[in-house]
Amino acid sequence: MRILITEDEKDLADALARGLRQQGYAADIASDGEEAMMMTEVNNYDLIILDLNLPKIDGVEVCQRIRAAGSPVGILMLTARSSLDDRVNGLDQGADDYLVKPFHFPELLARVRAILRREGETRDPILRIGDLVLDPNAIKGYYRGSEIVFTTKEFAILEYLMRNAGRVISQEELLEHVWNEDANMFTQTVKVHIKNIRSKLNTAGAGDLISTVKGRGYLL
């Protein structure tokens, strides 16, 4: 899952990005509302963490513009304002949830997971395909009860494939949703990670659950 952090406090933005990446999310950073709008126009995000008080274009207007464009992307609004009116205004403009600063990172993670689950039936807390089970909250995978140890990036790729089971996923789509904006579209990294995932699944006895559709991508 790919997340845009729109926050002008650099230390907080960097800390959030670091924490989210450790949890397997791809995270980009925008330092003002204008940059956020530009990035949402060129990238397909699964969720936006949006500070209310931003330079150039404030968070409320960013939220309004995103919703006016018809985007259903999840939005978690952050602010130092704690009044009821401020919270209601943020939600009325299209935010999915609201978190008051200062906050604890585990609470932000819980809010992120909850918003992602709201996007549809595929956002179940536990993912299952046959005897293969993924627990995104714990970042753990199991086959017939035995744990399979994946790297953070391997887990993120497999999670995305499982959430889109039955649909061919191109390398470009994986790069867009599982890597951040620095990803090289011409890299072999996707193929290398898929090869490693297949090897671990085979070793666990799961067989080759991931098919390569020539010229199109991968199908789980």
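A few notes on this one:
- Comparing Cα centroids, region 187-218 and region 137-168 end up 12 angstrom apart.
- Listed values for region 14-20 are Karplus-derived 3J(HN,Hα) couplings in whole Hz (6.51 cos²θ - 1.76 cosθ + 1.60, θ = phi - 60°), namely 5, 5, 5, 4, 4, x, 5, and x replaces Gly and Pro.
- Per residue, region 99-220 exposes an accessible area of 53 Å² to a 1.4 Å probe, with every protein chain left in place.
- Lys pairs under 15 Å by Cα in the chain, provided they are eight or more residues apart or on distinct chains: 8
- At the residue level, Glu9 shows approximately 90 square angstrom of accessible surface with a 1.4 angstrom probe and all protein chains present.
- Distant-in-sequence amide H partners of Ile75 (H built 1.01 Å from N, under 5 Å): Ile48, Asp96, Asp97
- Degrees, to the nearest 10: 189-203 long Cα axis against longest axis of the chain: 50 degrees
- In sequence order, region 33-39 has phi-based couplings of x, 5, 5, 4, 4, 5, 5 Hz under the Karplus curve 6.51 cos²θ - 1.76 cosθ + 1.60, θ = phi - 60°, and Gly or Pro positions carry x.
- Around Thr152: net Lys/Arg minus Asp/Glu count, Cβ-Cβ under 13 Å: +2
- Across the accessible surface of the chain, with the other protein chains kept in place and a 1.4 Å probe, carbon and sulfur atoms take up 48 percent.
- DSSP beta bridges fully contained in the chain are about 45 percent antiparallel.
- The packing ranking, built from the mean of other Cβ atoms within 10 Å per residue, places the peptides 98-110, 128-140 in the order 128-140, 98-110, highest first.
- For region 7-68: span of alpha carbons on each principal axis (Å, largest first): 32, 23, 15
- Across the chain, the mean sequence separation of Cα contacts (distance under 8 Å, 6 or more residues apart), normalised by length, yields a relative contact order of 17 percent.
The values are calculated or read from the model by the stated rules, or taken from the named source; none is laboratory data. The structure displayed is predicted, hence computed values, not measured ones. Cβ atoms come from the backbone with ideal geometry, glycine included; neighbour counts cover every protein chain shown. The protein model used for the area step is the full one, side chains on, heavy atoms only, and it has no ligands, DNA or RNA in it. Shrake-Rupley method; radii C 1.70, N 1.55, O 1.52, S 1.80 Å.
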